[in-house]
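Colleague: Before I ask anything, here is the structure I am working with.
FYI, it's all coordinate maths here, none of it is from the lab. Source: prediction; values computed, not measured. Cβ coordinates were reconstructed from backbone atoms using ideal geometry, including for glycine residues, and neighbour counts include every protein chain displayed.
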């Protein structure tokens with residue numbers, strides 16, 4: 001009894017996985033199924049060229065095991081790797097922006113005390129000086145890096161529509 005239940009579960013798993021696919025995944029699964037002319041669960045280069053030209057352009061990069069066919073798993077892995085690469089580029093861009101912030105802040109901090117007075121902001125960062133009172137959260141007349149970064153983060157969040 002347990003053996004037949006296990007066999008049934010194994011046979012039904014692919015069908016259930018396909019049925020569970022929703023939204024974009026369901027659309028991609030249907031596109032793959034249509035492109036798979038011989039129904040073997042894999043796309044040959046010819047099938048990709050005929051029915052999935054975007055996959056065909058990347059065929060060699062997607063075909064991880066170099067068997068001349070691409071599987072849904074290889075496509076998912078390729079897409080995941082692309083997302084990871086884009087995420088890493090975003091992190092690098094954030095690091096460059098942070099370094100640029102540090103450079104501007106240091107240049108404006110002419111006395112080197114690690115904070116900006118109103119006069120330093122007016123000379124070195126005139127656009128920041130116009131918003132000095134809004135940025136100076138504790139009202140001590142000096143802008144710290146943390147106050148500036150918090151203000152910049154809240155501005156980014158406001159532009160993206162996300163709570164800061």
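Colleague: Among 56-63, 130-137, what's the highest-first ranking by average C-beta atoms within 10 angstrom per residue?
Modeller: Numbers: 56-63: 15.8, 130-137: 14.1.
The densest-packed peptide leads the list: 56-63, 130-137.
Colleague: Arranged by the count of other C-beta atoms within 10 angstrom, fewest first, what order do 148, 42 take?
Modeller: 42, 148
Colleague: Right, another one. Grab the Cα-Cα distance for residue 145 and residue 37, subtract it from 0.36 nm times how many residues apart they are, and report the gain in nm with one decimal.
Modeller: Details: separation 108, 0.36 × 108 = 38.88 nm, distance 6.00 nm.
Taking residue 145 through residue 37 to full extension adds about 32.9 nm, to one decimal.
Colleague: Between residue 137 and residue 158, take the C-beta separation as r, use R0 = 22 Å, and let me know the FRET efficiency to the nearest 0.05.
Modeller: Working: r = 16 Å, r/R0 = 0.73.
After rounding to 0.05, the efficiency reads 0.85.
Colleague: What full-extension length gain, to one decimal in nm, is calculated for residue 60 and residue 113 as 0.36 nm per residue of separation minus the Cα-Cα distance? Write down the numbers at each step before the final one.
Modeller: Details: separation 53, 0.36 × 53 = 19.08 nm, distance 5.59 nm.
Full-extension gain reported as 13.5 nm.
Colleague: Assuming R0 = 45 Å, can you tell me the calculated FRET efficiency for the pair residue 27 and residue 96, based on Cβ-Cβ distance, to the nearest 0.05? Show your work: numbers first, answer last.
Modeller: Working: r = 36 Å, r/R0 = 0.79.
Approximately 0.80, to the nearest 0.05.
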